[in-house]
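Novice: The following block contains the structure, expressed as C-alpha cells.
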Amino acid sequence: MTVTFTEDVTGLELADFQVTGATLSGLMGSGSSYSLTLTASGVGDVALVLPAAVAVDRAGNGNLASNRLEAASTVVADTQAEITAFLQSRANSLVAAQPGLVPLLNRNAGPQVTVTRGTLALRLTAGQNVWTAVTGQWGESGEAERSYLLAALGAHLWLSERMILGLMVEMDRAIEETADQRIEGKGWLGGPYVAGQVADQPLFYEARFLWGRTDNDLSRTGLGDDAFVTTRLLAQARVEGELRFGALTLRPSLDASHVRDRADAYVDTLGNLITGQEVRQTQAALGLDLAREFTLGNGMLTPELGLSAIYSDTRGTGAAAGVIPAHDGWRGRIEMGVTLEQAQSLIEASVFYDGLGLSDYSDYGLSLQLSARF
C-alpha cells in the first residue's frame with residue numbers, strides 16, 4: 001500500500017492505521033511518501049484508513065484523515081463455487097460409473113475386463129449370486145483435472161428364473177485439482193436393486209436406489225485446508241429391448257437417473273461460515289443400437305452403430321441454485337464400433353462423439369473391451 005501526504009510529515013507509525021480484515025507490516029518511507037504491506041486475513045472485507053492528527057508537518061499541524069480504502073473478500077463465494085463444481089462433476093461420474101445389472105441375469109456370465117480411453121472397469125461374478133465391479137475414470141474440464149474410482153459389491157436372490165432382488169454397497173473416491181486447489185471426496189452408498197426380464201419377451205429392466213454420505217477435503221494455496229460432509233442418494237432405472245430381423249439386431253433403450261448431493265454448512269480454517277448447498281441432477285437417455293452379424297471363420301463379426309438423445313437437467317439450492325453446467329439440456333451422442341466373438345472370448349472396439357447440438361460441450365474417445373469366460 002502507498003501513503004502520500006501533500007507535504008512532508010513526521011511521527012507516522014504502523015499503529016496509527018486503522019485496519020479491519022487484515023494485518024499490517026513493513027512501514028517504510030519518509031517525508032511525504034510511505035509504503036506498507038497489507039495481508040488479508042480471509043475473513044470478511046478489508047478496510048484501511050489513516051485517522052486525522054497522527055502525523056505532523058514542520059509547523060506542527062496534524063494531518064487530515066485519509067480516504068477509506070476497501071476491498072471485498074471473495075473467499076466464501078470462491079469456496080462455494082468450487083464445491084458446486086465438484087458436486088456436479090461427481091454426480092455425472094457417479095451415474096456413468098454404475099455397473100449394469102441386466103448382465104447378472106445371464107447365469108453363464110464370466111469375468112470381464114474393460115479398458116477405455118479414460119476408463120478402466122473390472123467385473124467378476126461368483127456363484128451367480130455375488131458380484132463385484134470396479135470402475136475408474138479420468139479426464140479434464142477447463143483447468144481442472146479429474147479422477148474418479150468406484151467399487152461395488154452386491155448379492156442377490158433369484159425370485160424366479162427371470163428376476164433377481166439384491167443389496168449392493170458402493171465405495172467411491174473423487175479428486176479434482178487445479179494449480180492452486182484440490183478437492184478430494186471419499187464416500188459410500190448402499191441400497192436395494194432389482195433386475196429382470198418381462199415374461200419370455202426380449203425386454204429387460206433394472207433399477208436401484210442407493211443412499212450414503214461422503215467426507216471431503218478442500219486444500220487451497222494460502223487459505224488452509226477445509227473439511228466438509230455431504231449426504232446423497234441415487235435413483236436409476238433402465239429398460240432395454242432386443243429386436244432381431246435376420247442378421248440385423250436393433251436394441252432400443254431408455255435410461256433415467258436422479259442424483260442428489262447435499263453439502264452441510266461448516267466453518268473454514270479462516271473462520272468463515274460456508275453455507276450448505278445441494279446439487280440435484282436428473283438425466284434421461286433414449287438410445288438405439290443397430291448391429292449386423294457376419295460369420296467369420298469359427299466366430300462372429302458384428303459392426304454396430306449407436307445413436308442416443310440425452311437430456312440433462314441440473315438444479316440446486318444455496319450457492320448451487322444459479323450454476324448450470326455446459327452439458328445441461330438436449331444433446332446427442334453417436335457411437336460406431338465392431339465386435340468379434342469367438343468361443344469363450346470377445347473383443348469390442350468403438351469410437352464415440354458426445355455433444356451433438358451443443359456449441360460449448362463435447363466429449364469423444366476410443367473404447368476397447370476384452371471379455372473372457374472361464
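The values are calculated or read from the model by the stated rules, or taken from the named source; none is laboratory data. This is a predicted model, so every value here is computed, not measured. Cβ: placed from backbone, ideal geometry, glycine included. Neighbour counts: every protein chain shown. Note: accessible area is taken over every heavy atom of the protein model, side chains too, but ligands, DNA and RNA are not part of it. Shrake-Rupley method; radii C 1.70, N 1.55, O 1.52, S 1.80 Å.
Novice: Testing the spin-label approximation: label points 7 Å from Cα along Cα→Cβ at Thr2 and Asp264. State their distance in nm.
Specialist: Using points 7 Å along Cα→Cβ, the separation is 5.0 nm.
Novice: By how many nm would the segment from Asp200 to Phe294 lengthen if fully extended, with 0.36 nm per residue of separation less the alpha-carbon distance?
Specialist: 31.2 nm
Novice: Here is a further query. Relative to the longest principal Cα axis of the chain, at what angle does helix 75-96 sit, 0 to 90 degrees, rounded to 10?
Specialist: The helix 75-96 is inclined about 10 degrees to the chain.
Novice: Computed from these coordinates, which is Cα extents along the principal axes in Å: (1) 106, 37, 32; (2) 78, 47, 39; (3) 77, 50, 39?
Specialist: (1)
Novice: Accessible surface of Leu24 in the full protein assembly, 1.4 angstrom probe, to the nearest 10 Å²?
Specialist: Roll a 1.4 Å probe over it and Leu24 shows about 30 Å².
Novice: Over segment 177-264, with the other protein chains present, what is the accessible area per residue in square angstrom, probe 1.4 angstrom?
Specialist: The answer is 48 Å² per residue.
Novice: Next question. What longest region of the chain stays clear of trypsin sites (Lys or Arg not before Pro) that DSSP places outside H, G, I, E and B and that have at most 16 other Cβ atoms within 10 Å?
Specialist: Excluding the exposed sites themselves, the longest stretch runs over 163-372.
Novice: Starting with the highest mean, order 26-32, 78-84, 13-19 by the number of other Cβ atoms within 10 Å, averaged over the residues of each peptide.
Specialist: Packing proxy ranking, top to bottom: 78-84, 13-19, 26-32.
Novice: May I pose another question? What FRET efficiency comes out for the pair Ala235/Met28, r = Cβ-Cβ distance, R0 = 56 Å, nearest 0.05?
Specialist: Approximately 0.35, to the nearest 0.05.
Novice: Give the long-range amide H neighbours of Ser41: residues separated by 5 or more places, or on another chain, with amide H under 5 Å away, using H modelled in the peptide plane at 1.01 Å from N.
Specialist: Ala22, Thr23
Novice: Just to confirm the filter: which GluC sites (Glu not before Pro) across segment 239-281 are DSSP coil and have at most 15 other Cβ within 10 angstrom of their Cβ?
Specialist: Here the sparse-neighbourhood loop sites are Glu242.
Novice: Then there's this: Taking the Cα centre of the chain as origin, work out the dipole magnitude from +1 charges on Lys and Arg Cβ and -1 charges on Asp and Glu Cβ, in debye rounded to 20.
Specialist: The calculation lands at about 1420 debye.
Novice: Please report the carbon-and-sulfur percent of the accessible area for segment 193-340; probe 1.4 Å, protein heavy atoms only, DNA, RNA and ligands left out.
Specialist: Exposed carbon and sulfur together represent 62 percent of the surface.
Novice: Here's a follow-up. Could you state the accessible area per residue of segment 1-72 in Å², with a 1.4 Å probe and every protein chain left in place?
Specialist: About 61 Å² of surface per residue is accessible.
Novice: Please find the FRET efficiency linking Thr74 to Glu13, where r is the Cβ-Cβ separation and R0 is fixed at 30 Å, and quote it to the nearest 0.05.
Specialist: Computed FRET efficiency for Thr74 and Glu13: 0.45.
Novice: Still on this structure, I have one more. Roughly what would the spin-label model give for Leu340 and Ala284, points 7 Å off Cα along C-beta, in nm?
Specialist: 4.0
Novice: Next question. So what is the relative contact order of the chain, in percent, for Cα pairs below 8 Å that sit 6 or more residues apart?
Specialist: That works out to 10 percent.
Novice: Okay, next question. Once Lys and Arg get +1 and Asp and Glu get -1 on their Cβ, which of Gly154, Val267, Thr4 lies farthest toward the positive end of the dipole of the chain?
Specialist: Farthest towards the positive end: Gly154.
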